[in-house]
Each structure stands twice: as structure tokens, then as C-alpha cells.
Amino acid sequence: MEKSDFLLIGGGIIGISIARELKKRYPDSSICIFEKELECGLHASGRNSGVLHAGFYYTADSFKAKFTRDGNKRLTKYCDSKNIKVNKCGKLVVAQNESELTWLDELMVRAKNNGVPLESITEEESKTIEPRAKTFQRALFSPSTSSVNPKELLKAMQLDAIQEGVRICTNTKYLHRKDKNTIQTSTGLFEAGYLINVAGLYADKIGRDFGFSEDYRILPFKGLYLYSNEPSGSLRTHIYPVPDLANPFLGVHLTVTTDGKVKLGPTAIPAFWREQYEGWSNFRFDELTEILLRQAGLFLSSNFDFKALAIRELQKYSRPKMVSLASSLAKGVEIKNYRKWGEPGIRAQLLNIRGKKLEMDFVLEGNNLSMHILNAVSPGFTCALPFAEHVCDQIDSKLS
Ligand SMILES: Cc1cc2nc3c(=O)[nH]c(=O)nc-3n(C[C@H](O)[C@H](O)[C@H](O)COP(=O)(O)OP(=O)(O)OC[C@H]3O[C@@H](n4cnc5c(N)ncnc54)[C@H](O)[C@@H]3O)c2cc1C
């Protein structure tokens, strides 16, 4: 039976960042990542918007507030050191009507509390930043929001991890726990000194094998994107609507990619199985029945109006609907320019089954044998480096 001092299940950005941090803290220990796919980063870490967020959406007491600002700075520095392109395009948050102005004020307060630069600007000023922007009276401008190519960044981190001595075993799937920290994988039995579960869409399930995640279930939400065929540079900055701060999604927005193209999305459409990217891909009957039953229960009663969210989001399978929503953010957003769907991503959103609510923050559970990273949702990519340090602090404290 093979052994490793630290074993991570999941080769996304969070798994790779934690593995590198562990290697820094425990240089003589063996560290191994098991990834079920043939490559790392085929799920959320390679299928996200690629936005390095600034950190003004979150209340100051949250992990997200703690890690986004520093995560943004550190990933930008990392990219600069590796010659990975960062499009420092900034971002506008625009309002549709008078009632949304109070939410702009709330975001200003949160930015101040979190030490994040954010400017409250007039409608005229917003036009100098992006002439196509549409807003009601005022807008916010975030100079530190940017975009990267998430696949490129992950590849660089993966190479660094390997060079630093982390072993990455792709095509190796965690199947179940045998006993204590011995696990059955698709390639045989494996014993972990300490096990870290960073399995994204499957993190809750694996956590339960170890006696954790009892109050939680992953509720997958699909993020669709539409790409514009306009030439690079047709939009200068990201444009976001005022979010509904009661749920963890930011609403359909316009993102400028690293090559200056524009994409629209992502949606947050309830998915019916965990990896329901396209058609019947990765179909699992057990997941379909469990998730359908759960969604039906939430339809009848939930603490976040799942019914309204689901009805609103399901309409976004329609291209005209998506484009019409985004057309309220900027001039010239027309259906003729948005013909190409992009690669969708699926959010591993955690549902608290006792409170019937969506968890808004990252969730960690563990003991002196294992640590389970639940709800590593947006802006998990931006937060990866400081979040990995926090996870390792927790592991250190469990091991001491
Ligand atoms: C549509 C969308 C848009 C987003 N936009 C942004 C954004 O703009 N900015 C931002 O900061 N964040 C964004 N996020 C969030 C960000 O992508 C995630 O927070 C981050 O990628 C989570 O990383 P992870 O390593 O936890 O998960 P993942 O990347 O999903 O990695 C988990 C890995 O575990 C593996 N795995 C699962 N089960 C097993 C098993 N049994 N055995 C072995 N391996 C297993 C999977 O194959 C997968 O590779 C977005 C997410 C989505 C879905």
C-alpha cells in the first residue's frame, strides 16, 4: 500500500495552493495530490470567469473579505513574475434605478471596512471610463479588479508544485474510505498521514465518509457564458449590475478577457447532477434523484427564495434573455453579436440543509486526521493563496 504524509483529493487551484503551502511548511514531508481527471483544473478552476476580484462585496467578518484583497494582490504579483497576462481593466458596478443606489452605498461601506479601493463616481465619470456603460445617476469603479486566463495560471502553479516536490497523480479517483486514513482509489489502496479534501463538487460527499459535512449538501449551479464576436477592445472594463447581496451570485455581467474580448455571464442555473456541463455529459442517476428531491423541497420552502431564483435563472438558457439582461448594463449589447456559448462552469455551492440556506462563505471542517474544504465558491480562485495559508494554519493547529 502506498503512503504519503499529506494527501490532497482534488487538483484544482485550492488543492494545488494548499499542497505548495504545505511543502513550504513541511519541506521534508511527502505530499501527494489525487486528481480524478486526466488533467488538473478541468472543473471550476479552469471554467470560471477569470476575474481577480477586489473584495468589496463581502462583510468584514467573512473569510471572503479577509482573503480577496490580498489574494488579488498576490496572484497579480505571481502572474507578473511568470509573465502571465493580467488585464488590469478595472470594473464598473452600475445601477438601474433609484432603489439600487443604496446598495452602491452599502458596497462603498464594505470596501472601506475591507480596505479595498473603490470609487463612487457620477454617471458622466462612468462614461469617461467606459463610454458604453449605462447607469442611473451614479456608479462604482473598482480599479483593482482584473482578469486572467485561469487555465494558464493553474498550469503555471501546477508546474511550480511539481518542481517543489509535490506529487500529482492524475486519473486517480478517490472511491471511499476504508478505515481511519486509508482510502480506496481507482488505482489501489492508499494511506494518508493527513488527508485534505478539496474535491470541489464532491467535497461534501467525501467529507461525510470522514464524519464531516453532515449539515451540508452541494447544490450545483451552472454558469453559462455567451461570447461576443465584437473585436478586441470593444469594451474597456468589466461591467456588473448591483448584486442581490442575499445570495452568493453576482448577476449576469460583462467581462473583458485577457485578450480584450467580451463575454457575458455566468448564469447560476440550478443543475440536476453535479457535472452537468452539456447535454447528458457525466450523467449520474443517483445524483439526479437526490438533487431533484432537494430542489423540490426548496421550491416548497427555503430561506432564500429558491423558487424565484430558479425561475429567474432557468430563463437564462435563452440567448435573447441573457443578451437582453446584459443590454441594461451597456449600450450596443445586441443579440447579433452574441452567438457563441462558451465553456460552462458549475458552482459547488453548499446548501445548509438544517437552515435551508445557501452558505455565503467558505466552510472548513476537520480534526487531527483530515480537513475538508467545503463551499470553495467564487471568489475562491482569487482567494487561493491566502486561503491556502489559512487552511494550513488550521492543519498546523490540529496537528500540534
Ligand atoms: C462559473 C464560475 C465562475 C467563477 N468565476 C470566478 C471568478 O471570476 N473569480 C474567482 O475568484 N472565482 C470564480 N469562481 C470560483 C472559482 O472557480 C472556485 O472558487 C475555485 O476554482 C475552486 O477551486 P477548487 O480547487 O476548490 O475546485 P475545483 O477546481 O473544482 O477542483 C476540484 C477538483 O477535485 C477533483 N475531484 C473531485 N472528486 C474527486 C475524487 N473523487 N477523486 C479525485 N479528485 C476528485 C475534480 O476533478 C476537480 O479537479 C467561479 C466559479 C464558477 C463555477
Item to check | Hits in segment 9-39 - residues which are within 16 Å of the chain's Cα centre (by Cα) and within 6 Å of the ligand (Cβ to nearest atom) | outcome: Gly10, Gly11, Gly12, Ile13, Ile14, Gly15
Item to check | Enumeration of residues in segment 140-187 that are of a type in the set (S, T, N, Q) and part of a strand (DSSP E or B) | outcome: Ser142, Ser146, Ser147, Thr182, Gln184, Thr185
Checklist entry - Within segment 245-267, is even one residue buried (at least 21 other Cβ atoms within 10 Å of the Cβ), out of contact with any Ser or Thr (no Cβ under 9 Å at 6 or more places or on another chain) and at negative phi? => result yes
Item to check | Failed item in (1) more than 30 Å from Asp105 (Cβ to Cβ); (2) within 21 Å of the chain's Cα centre (by Cα), with Phe212 passing the rest | outcome: (2)
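What number of residues within segment 40-62 satisfy the criterion of being of a type in the set (Val, Ile, Thr) and more than 7 Å from the ligand (Cβ to nearest atom)?
Residues of segment 40-62 of a type in the set (Val, Ile, Thr): 51, 59.
Still in the list and also more than 7 Å from the ligand (Cβ to nearest atom): 59.
The number of residues fulfilling the criteria is 1.
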Item to check | Hits in segment 156-211 (condition: free of Cβ contacts under 8 Å to residues at least 12 places away in the same chain and more than 28 Å from Leu351 (Cβ to Cβ)) | outcome: Leu159, Ile162, Gln163, Lys178, Asp179
Checklist entry - Would a scan of segment 120-138 turn up a residue that is buried (at least 16 other Cβ atoms within 10 Å of the Cβ), within 16 Å of the ligand (Cβ to nearest atom), closer than 27 Å to Lys261 by Cβ and of a type in the set (Ser, Thr, Tyr)? => result no
Checklist entry - Can you tell me which residues in segment 1-50 are of a type in the set (A, V, I, L, M), touching a strand residue (DSSP E or B) at 6+ places or on another chain (Cβ under 8 Å) and buried (at least 23 other Cβ atoms within 10 Å of the Cβ)? => result Leu7, Leu8, Ile9, Ile14, Ile16, Ile18, Ala19, Leu22, Ile31, Ile33, Ala44
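Residues are listed down the side, and each one gets a yes or a no for (1) over 21 Å from Glu343 (Cβ atoms); (2) within 14 Å of the ligand (Cβ to nearest atom); (3) crowded, with 16+ Cβ neighbours inside 10 Å:
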residue: Leu189; (1), (2), (3): yes, no, no
residue: Leu195; (1), (2), (3): yes, yes, yes
residue: Gly207; (1), (2), (3): yes, yes, yes
residue: Glu214; (1), (2), (3): yes, no, no
residue: Asn229; (1), (2), (3): no, no, no
residue: Ser232; (1), (2), (3): no, no, no
residue: Leu235; (1), (2), (3): no, no, yes
Checklist entry - Asn83: within 14 Å of the ligand (Cβ to nearest atom) and at pLDDT 95 or above, yes or no? => result no
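The values are calculated or read from the model by the stated rules, or taken from the named source; none is laboratory data. Computed from a predicted model, the values in this text were never measured in an experiment. Because the Cβ atoms are built from the backbone with ideal geometry, glycine has one as well, and the counts that use them run over all protein chains shown.
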